[in-house]
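Worksheet for the structure shown next.
Derivation of every value follows stated rules applied to the coordinates shown; laboratory data play no part. These figures come from a predicted structure and were not determined experimentally. Backbone-built Cβ (ideal geometry, glycine too); neighbour counts: all protein chains shown.
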Ligand code: GDP
Ligand code: IMO
Ligand code: MG
């Protein structure tokens, strides 16, 4: 039976997962999303167009069936907009399938996300304000509305109970309350439009794999944003590490094939939280401009810094990464000198072990190795051997340090600008 290859973000998101999933999808039948929601923004540049995918698995752009797994939280309004956008661009959206057990984001989740950020005052997380955290909270509190409820007969009653409860909270904080009838009338129409996409995704995926189909999994967010393994509380509300794959799809550990860890040749972060290799100087600004580091979802400028191999090693341990994908080698190659972090200095001692402990991270000083940049124009390079020796040296160093092979290198945003090793 064919194994499922999983694509995972190794840092704080935006490593170029969408790009590599789209590339891998050319040899896959089914592409699945297992975690997160439309806090994700996965860019795919192909066929002369640029797509920003938030909920629909990016593999759909390269002819794979796209399954939104049970672990995903779905904003129906955003999903319908995304379906329309793809249809308008000639993409076959009949290939989309939605798990009956995925949870639904409703307007009170988004309002709650914003209100909770307000309440946090100086301890803001810097969420995407898409209602992700509050929706997962309801899932675990067991008052969430799953897709099967959303399109079924008990939606009205479940919605009423939830709105009453949330309105009491909004009132407490002097916020505007939701009108149940208005929300119900709007969302029952969304439910009607989306119902045809619903499937029993767990049995569907198992049956298709037993029938010889190749499945790939598109991770969203990333290791250091994981609720358990990330820099808590500056994290998202799901498990974007490989652990989220089984829980969010119903597939089992024996079915996992390759685990691709995606990274940029530098690093970035959106939102608050510790970031050891962050550059708060003109080099950081230069990387942001060269790499066009502005959020795909919220358009916020991304914090930028050097590549952190201590964090990468942690991501490899937590996820069982078998293959590395290094994007933006073209971007980093525009700098004259490149640094890469190989250790954290804390209280005079150098360690190669990452800790997500925020208080410790604040005290960590990065230890760097320096490399020559100025790689020249890489946009048309398609073979590793054709990369300048300086670029090969940088990539080989990452592989040697981590002990993990590099399988793909990105030399530009387009689908074609990918080197396979
Ligand atoms: P994701 O969330 O992990 O899918 O990543 P995003 O799409 O949010 O951010 C990655 C950005 O880098 C996008 O704008 C991509 O088009 C771009 N990108 C990906 N790989 C490369 C690469 O190798 N070189 C360059 N120059 N851009 C890339
Ligand atoms: P992709 O899949 C980058 C960050 C937010 C915030 C924190 C919590 O495109 O890599 P949330 O809205 O999830 O409660 O926000 O997580 N965040 C991301 N940062 N890329 C993402 O997704 C992200 N998804 C969430 O900025 O700091
Ligand atoms: Mg992104």
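Results, tabulated for the structure shown:
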| item | result |
| --- | --- |
| Fully extended contour minus Cα-Cα distance, from residue 87 to residue 195, at 0.36 nm per residue | 37.1 nm |
| Residue 365-residue 2 FRET efficiency (beta carbon distance; Förster radius 41 Å; 0.05 resolution) | 0.35 |
| P(r) weight above 41 Å for the chain, C-alpha pairs, percent | 15 |
| Nearest-ten-degree value, helix 389-402 long axis tilted from longest Cα axis of the chain | 60 |
| Fewest-first sequence of 254, 54, 206 by Cβ atoms within 10 Å of each Cβ | 254, 206, 54 |
| Crossing angle, helix 201-210 versus the chain [Cα axis fit, 0-90 degrees, rounded to tens] | 50 |
| Residues residue 358 and residue 122, FRET efficiency given R0 of 22 Å [Cβ-Cβ distance, rounded to 0.05] | 0.95 |
| Exposure proxy order (Cβ contacts within 10 Å, fewest to most) of 50, 264, 349 | 349, 50, 264 |
| For the range 264-420, Kirkwood radius (reciprocal of mean inverse C-alpha pair distance, Å) | 16.2 |
| Stokes-Einstein D in µm²/s, Kirkwood radius over Cα pairs - the range 103-194 at 4 °C with 1.567 mPa s viscosity | 95 |
| Fraction of beta bridges assigned by DSSP in the chain that are antiparallel (%, nearest 5) | 40 |
| Per-residue Cβ neighbour rank within 10 angstrom, fewest leading, 208, 157 | 157, 208 |
| Modelled FRET efficiency - R0 56 Å, residue 347 with residue 175, Cβ distances, 0.05 increments | 0.80 |
| Gaussian network model of the chain, Cα within-10 Å springs - most flexible of 30, 316, 119 | 119 |
| Kirkwood Rh in Å, taken over the range 258-332 so that all alpha-carbon pairs contribute | 13.1 |
| Separation of the residue 206 and residue 156 label points, Cα + 7 Å toward Cβ, nm | 3.6 |
| Degrees separating the helix 76-88 axis from the principal Cα axis of the chain, which is the longest one | 70 |
| Between the range 153-201 and the range 66-127, the Cα center-to-center distance that results, in Å | 14 |
